[in-house]
Ligand code: 4GX
């Protein structure tokens, strides 16, 4: 997958993309990331990339001619152009999964009051990373790259881990434990030491459901449940007295 990032601040991406899993994905050529400095497409002597808004008002607007040249410069291979903005579709794992199937993404990072509206025909999709206001689109672009990259086959060491985690199944993750067995009087749950793999799997699923119910009940509303999940939820919601304390 190729990702081009159009930005006024390419240096902001240096450490996030030159460390850890993203760096390894680039080394392995599973992912090609290019940062493109928008200022390089300004033509006047001051290299101006923004200007005063028509009609007046505070702040500056990014220039449509400069931005369109920047976008077209990376379109020798057509790519999906995404503008990071609070007005976009809120980013979800579903959107991330769809973006991960693209061969070429072009992420446009805006600053100031945003971009000239006439750039919109060149933009395929507007995405927001959440309902809050950032100083620019760069951190949003990093979030998109990070979430998409880990779904590219070969990027995570263990192929199962991207699917087993949070949200992949629409549920939060079950709790994890590692050594020592006892820390400040807190024991690792006995179930995990039992060696009964089928029961451990069920126990984890039940705790995923319980945790989602307590922390993110909104995630449970529009979800399809299989037979096992219905049973586990029923157990969670209607534990009868005599069943308390029994292994469940
Ligand atoms: N999720 N920002 C975009 C410029 C801007 C201002 C107004 C359109 C209209 C953001 C977010 C975000 C800050 C990026 C403002 N664009 N990006 N920028 N939330 O807050 O992605």
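Structure data summary
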read-out: Residue in the stretch 174-182 that is surrounded by 15 or more Cβ atoms within 10 Å (Cβ to Cβ) and away from the ligand (no atom under 16 Å from the Cβ) present; value: yes
read-out: Test result for residue 53, in a loop (DSSP other than H, G, I, E, B) and surrounded by 11 or more Cβ atoms within 10 Å (Cβ to Cβ); value: yes
read-out: Tally of residues being touching a residue at least 40 places away in the same chain (Cβ under 8 Å) and closer than 22 Å to residue 235 by Cβ across the stretch 165-198; value: 4
read-out: Flag if residue 71 is touching a strand residue (DSSP E or B) at 6+ places or on another chain (Cβ under 7 Å), crowded, with 20+ Cβ neighbours inside 10 Å and part of a helix (DSSP H, G or I); value: yes
read-out: Whichever residue in the stretch 123-134 is surrounded by fewer than 20 Cβ atoms within 10 Å (Cβ to Cβ) and part of a loop (DSSP other than H, G, I, E, B) and, among such residues, is farthest from the ligand (Cβ to nearest atom); value: 124
read-out: Which listed residue, of 87, 93, is within 10 Å of the ligand (Cβ to nearest atom) and under 30 Å from residue 223 (Cα atoms); value: 87
read-out: Qualifying residue in the stretch 27-38 (condition: under 28 Å from the mean Cα position of the chain (by Cα), within 25 Å of residue 151 (Cα to Cα) and free of Cβ contacts under 8 Å to residues at least 12 places away in the same chain); value: yes
read-out: Residues of the stretch 56-84 satisfying the condition of being away from the ligand (no atom under 16 Å from the Cβ) and more than 25 Å from the chain's Cα centre (by Cα); value: 56, 65, 68, 69, 72, 73, 76
read-out: Odd one out for residue 111, checked against (1) more than 17 Å from residue 149 (Cα to Cα); (2) within 15 Å of the ligand (Cβ to nearest atom); (3) at pLDDT 95 or above; value: (3)
read-out: The one condition in (1) in contact with a strand residue (DSSP E or B) (Cβ under 7 Å, 6 or more places away or on another chain); (2) free of Cβ contacts under 8 Å to residues at least 12 places away in the same chain; (3) within 16 Å of the ligand (Cβ to nearest atom) that residue 53 fails to fulfil; value: (2)
read-out: The one condition in (1) under 14 Å from the mean Cα position of the chain (by Cα); (2) within 16 Å of the ligand (Cβ to nearest atom) that residue 98 fails to fulfil; value: (2)
read-out: In the stretch 101-122, the residues that are assigned to a strand (DSSP E or B) and in contact (Cβ under 8 Å) with a residue 60 or more places away in the chain; value: 104, 105, 106, 107, 108, 109
read-out: Subset of the stretch 135-161 (residues that are near the ligand (Cβ under 8 Å from one of its atoms), surrounded by fewer than 17 Cβ atoms within 10 Å (Cβ to Cβ) and assigned to a loop (DSSP other than H, G, I, E, B)); value: 135, 136
read-out: Test: residue 106 is more than 9 Å from the ligand (Cβ to nearest atom), modelled with pLDDT of 95 or more and in contact with a helix residue (DSSP H, G or I) (Cβ under 7 Å, 6 or more places away or on another chain); value: yes
read-out: Qualifying residue in the stretch 178-198 (condition: at pLDDT 95 or above and either under 30 Å from residue 5 (Cα atoms) or under 29 Å from the mean Cα position of the chain (by Cα) (or both)); value: yes
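The values are calculated or read from the model by the stated rules, or taken from the named source; none is laboratory data. Predicted model only: the values in this text are computed from it and were never measured. Neighbour counts are summed over all protein chains in view; Cβ atoms, including those assigned to glycine, are modelled from backbone coordinates with ideal geometry.
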